[in-house]
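Participant: Before we start, here is the structure in question, set down as structure tokens.
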Amino acid sequence: MEILGYLASLLIGLSLGLIGGGGSILTLPVLVYLFGVSPTLATAYSLFIVGAASLVGAWTKHRENLIHYQTALLFGIPSIAAVFLSRKFILPAIPDVVFTVGERTVTKDLLLMVLFAILMLAASISMLRNEKTEGVATTHRPIALNYTLILLEGSVVGILTGLVGAGGGFLIIPALVVLSKLSMKQAIGTSLLIIASKSLIGFTGDLINGKEMDWALLLSVTAIAIAGIFAGNGLSRRFNGSTLKKGFGWFVLVMGIYILWKELGHPTP
């Protein structure tokens, strides 16, 4: 299973390089089902892997002048604060056994996996729907109301990132296109910088809490994902981004349904 895990790690970077998101949607299932990492610890690993890979991707977008730093700062500050506080305080406060209904015991790990599967379904819908804002120009500045909405969504995405370790690119990119009037290419580059910042800073919350890390696994998966993001950046110039996004959306939809079936298919004794 580990060989499949390392092959899947390459897909994490490929998805980030090709469509600017989706890497975190793959990371948690790869760590849990292929490497046998517990869901709670896997959310921490996911923050580091996705954060490091996104940072490399953001550097390549910076060189192409495809990052809007003002928007990244506006969206990133509340998002970074929310993810750090979530990892430091909210996640540790969730009990190992949340509640019991009949024969079903809802554990912390089960709750996180179900929440993550729901986010996967939301991500797949976001990727599969027709993007009517693809060609929005980059010359307009956000109005005052849009600033408020960007700050609000940044906070929401930060909390979700903190809980399940997902970068939230599928939420960030539409927000940047609609609210900040960025082009799709600029939104992807800006999203990578935001994801990198909040994921890596969120990971420090786990370090402060003293979690033990398997650094050999963590660094090896991260290195493969970074190789994938370089490959994805190269391939993105040769393939139609819309087609790739929809194809990946169908894959994420199937994975989300599978996780729900696997986690809820049999009651936990």
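Participant: Looking at the chain, which longest stretch skips every one of the trypsin sites (Lys or Arg not before Pro) that is in a DSSP loop with at most 11 other Cβ atoms within 10 Å, leaving the sites themselves out?
Facilitator: Answer - 1-128.
Participant: When ligands, DNA and RNA are left out and all protein chains stay put, how many square angstrom of accessible area per residue does the range 161-269 have with a 1.4 Å probe?
Facilitator: Solvent-accessible surface per residue comes out at 44 Å².
Participant: Treating only the Cβ atoms of Lys and Arg (+1) and Asp and Glu (-1) as charged, compute the dipole magnitude of the chain about its Cα centre; round to the nearest 20 debye.
Facilitator: It comes to approximately 840 debye.
Participant: Let me ask you something else. In percent, how large is the relative contact order of the chain, given Cα pairs closer than 8 Å and 6 or more residues apart?
Facilitator: 39 percent
Participant: So, one more: Which far-off residues, 5 or more places away or on another chain, put their amide H under 5 Å from the one on Thr107, with H placed in the peptide plane?
Facilitator: Val98
Participant: Among 46-53, 30-37, what's the highest-first ranking by average C-beta atoms within 10 angstrom per residue?
Facilitator: The most tightly packed comes first, giving 46-53, 30-37.
Participant: Another question, then. Tell me the carbon and sulfur percent of the accessible area for the chain, rounded to whole percent, probe radius 1.4 Å.
Facilitator: The computed percentage sits at 70.
Participant: On to the next question. Angle, helix 215-236 long axis vs. longest principal axis of the chain, Cα atoms, 0 to 90°, nearest 10?
Facilitator: Roughly 30 degrees, rounded to the nearest 10.
Participant: For the range 155-240, run through the chymotrypsin sites (Phe, Trp or Tyr not before Pro) and keep only the ones in DSSP coil with at most 13 other Cβ atoms within 10 Å of their Cβ.
Facilitator: Those satisfying the criteria are Phe239.
Participant: Would you mind checking the range 1-42 for residues with the amide N under 19 Å from a putative spin-label position 7 Å along Cα→C-beta of Phe230?
Facilitator: From the range 1-42, the list is 6-20.
Participant: Per residue Cα convex hull volume for the range 194-261, in cubic angstrom?
Facilitator: Cα-based convex hull of the range 194-261, divided per residue, equals 138 Å³.
Participant: Then there's this: How much length, in nm to one decimal, is gained on full extension between Asp214 and Ile125, taken as 0.36 nm per residue of separation minus their Cα-Cα distance?
Facilitator: Extra length from Asp214 to Ile125 when fully extended: 28.6 nm.
Participant: Now for a separate question. What's the angle, to the nearest 10 degrees (0 to 90), between helix 169-179's Cα axis and the longest principal axis of the chain?
Facilitator: 30 degrees
Participant: Could you work out the relative contact order of the range 1-122, using alpha carbon pairs under 8 angstrom and six or more residues apart, expressed as a whole percent?
Facilitator: Relative contact order of the range 1-122: 19 percent.
Participant: Follow-up. Based on alpha-carbon centroids, what's the gap between the range 28-74 and the range 203-228 in Å, whole number please?
Facilitator: 11 Å
Participant: What percent of all Cα-Cα pairs in the chain falls into each 10 Å bin, going from 0 up to the bin containing the maximum distance?
Facilitator: Pair shares across the bins are 7, 32, 38, 18, 5, 0.
Participant: On C-alpha positions alone, give me the angle between the axis of helix 144-164 and the longest principal axis of the chain, in degrees, nearest 10.
Facilitator: Once rounded, the angle reads 30 degrees.
Participant: Name the longest site-free stretch of the chain, where the excluded sites are GluC sites (Glu not before Pro) in a DSSP loop with no more than 13 other beta-carbon atoms within 10 Å.
Facilitator: 135-211
Participant: Only Cα pairs within less than 10 Å get springs; with that Gaussian network setup on the chain, which residue of Ile150, Ile188, Ile118 has the largest fluctuation?
Facilitator: Result: Ile118 has the largest fluctuation of those listed.
Participant: Which of these, Gly17, Gly154, Gly234, has the largest mean-square fluctuation under a Gaussian network model of the chain (Cα springs below 10 Å)?
Facilitator: Result: Gly234 has the largest fluctuation of those listed.
The values are calculated or read from the model by the stated rules, or taken from the named source; none is laboratory data. Quick caveat, the model's predicted, so the values are computed rather than measured. Counting neighbours? That spans all protein chains shown, and the Cβs are built from the backbone with ideal geometry, glycine included. What goes into the accessible areas is simple: the full protein's heavy atoms, side chains included, and nothing from ligands, DNA or RNA. Shrake-Rupley method; radii C 1.70, N 1.55, O 1.52, S 1.80 Å.
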